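The values are calculated or read from the model by the stated rules, or taken from the named source; none is laboratory data. Because the structure is predicted, anything quoted here is derived from the model rather than measured. Methodologically, a virtual Cβ is constructed for each residue, glycine included, from the backbone with ideal geometry; neighbour enumeration extends over all protein chains shown.
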Amino acid sequence: MCKSDTDIGTEELGHLEMVSAIVYQLTRNLTPEQIKAGGFEDYFVNHTTGIFPSDSSGVPFSALTIDVSGDPITDLHEDLAAEQKARTTYDNILRYTEDPDVRDPIRFLRQREVVHYQRFGEALRITTDHLDSKNFYALNPAFDKPV
């Protein structure tokens with residue numbers, strides 16, 4: 001793993017931390033009645049107002065969601081998809097809130113996803129430029145040498 005990999009991972013964990021802080025600030029003063037009315041009593045029983053990373057369906061975050069094949073083309077497509085999914089999630093959050101204390105950091109995070117998507121796209125272009133453009137699925141440049 002190179003330094004840039006750890007830098008990217010650290011930044012992505014920072015995104016999670018920022019969203020978690022927003023959720024905590026929005027929920028820390030809820031009454032039991034508000035928690036129940038919002039349908040969050042099951043969550044509250046397990047986590048109170050602590051942040052437990054999960055998707056909107058309640059499926060907990062798992063390292064299993066991070067996929068890596070070792071093939072640069074495959075992995076860059078996976079990275080591009082992850083950035084797009086995150087941007088879509090931020091777009092959906094922005095559709096549901098008018099609170100500037102939520103919207104401003106979510107807009108910032110959304111813009112980071114757009115930048116990441118662009119950089120991964122550039123990396124994919126550079127990678128494919130170094131392959132046989134007639135059939136760039138024929139080899140894994142990380143392991144295979146052209147014949």
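Kindly indicate whether any position in the range 100-109 is of a type outside the set (D, E, K, R), in contact with an Asp or Glu (Cβ under 7 Å, 6 or more places away or on another chain), assigned to a helix (DSSP H, G or I) and modelled with pLDDT of 75 or more.
No, because not a single residue in the range 100-109 is of a type outside the set (D, E, K, R), in contact with an Asp or Glu (Cβ under 7 Å, 6 or more places away or on another chain), assigned to a helix (DSSP H, G or I) and modelled with pLDDT of 75 or more.
Of the numbered conditions (1) modelled with pLDDT of 90 or more; (2) more than 14 Å from Glu12 (Cα to Cα), Ala86 satisfies every one except a single condition; which is it?
(2)
Could you check Leu109 against (1) loosely packed, with under 12 Cβ neighbours inside 10 Å; (2) within 12 Å of the chain's Cα centre (by Cα) and say which number it fails?
So Leu109 meets the others, but not (1).
Please tell me if Arg125 is under 25 Å from Gly14 (Cα atoms), in a helix (DSSP H, G or I) and not hydroxyl-bearing (Ser, Thr, Tyr).
It is false that Arg125 is under 25 Å from Gly14 (Cα atoms), in a helix (DSSP H, G or I) and not hydroxyl-bearing (Ser, Thr, Tyr).
Yes or no: Ala81 modelled with pLDDT under 85, at negative phi and among the aliphatic types (A, V, I, L, M)?
The answer is no for Ala81.
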